[in-house]
Amino acid sequence: QVQLVESGGGMVQVGGSLRLSCVASGVIFSNYVMGWFRQAPGKEREFVANIRWTDGRAYYADSVKGRFTMLRTNAQNTVALQMNNLKPEDTAVYYCATGTALKVQAGTPDYWGQGTQVTVSP
């Protein structure tokens, strides 16, 4: 069983920055990846980014590439999502998730966090 706890959400103006964190506890397999997803009101949940525990290689959705950076700290089982140059369309509930790479890429990870709200105001 894995528990994921997010923090760092809030409200920011357009062009501002926020940093989300996710702490993972429990049994975490080395072949798992950590991912961030988001869900805006009235929309389906979408992939944002993921990162491999093994080498820290990260992948991003086109909509956030160049603005968001995902980092991991293996010793603390923590990942972060640094979000810069935020836009109103980034407003959503952001979820941390983990599972195998295939499952995370398919949007069906094994474990989800409770979510944290990010609001970008004009």
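The values are calculated or read from the model by the stated rules, or taken from the named source; none is laboratory data. Bear in mind the structure is a predicted one, so any value in this text is a computation, not a measurement. Reconstructed Cβ throughout: ideal geometry from the backbone, glycine too, with neighbour counts over all protein chains shown. What goes into the accessible areas is simple: the full protein's heavy atoms, side chains included, and nothing from ligands, DNA or RNA. Shrake-Rupley method; radii C 1.70, N 1.55, O 1.52, S 1.80 Å.
Observations on the model:
- In terms of the mean number of neighbouring beta-carbon atoms within 10 Å, the peptides 64-72, 92-100 order highest first as 92-100, 64-72.
- Surface composition of the chain: carbon plus sulfur atoms contribute 51% of the solvent-accessible area (1.4 Å probe, protein chains only, all chains present).
- Normalised per residue, the accessible area of the chain is 51 Å², obtained with a 1.4 Å probe and no contribution from ligands, DNA or RNA.
- Here the dipole of the chain is about 160 debye; that uses its Cα centre as origin and unit charges on the Cβ of Lys and Arg (positive) and Asp and Glu (negative).
- Point-charge dipole on Cβ atoms (K/R +1, D/E -1) for the stretch 11-66, about Cα centre, debye to 20: 60
- Over the chain: helical MRE at 222 nm, DSSP H runs n ≥ 4 each giving -39500 (n - 2.57), nearest 500: -1000 deg cm²/dmol
- Rounded to the nearest Hz, the phi-derived 3J(HN,Hα) couplings of the stretch 61-68 under the Karplus curve 6.51 cos²θ - 1.76 cosθ + 1.60 (θ = phi - 60°) are 5, 4, 5, 10, 4, x, 10, 10, where x marks glycine and proline.
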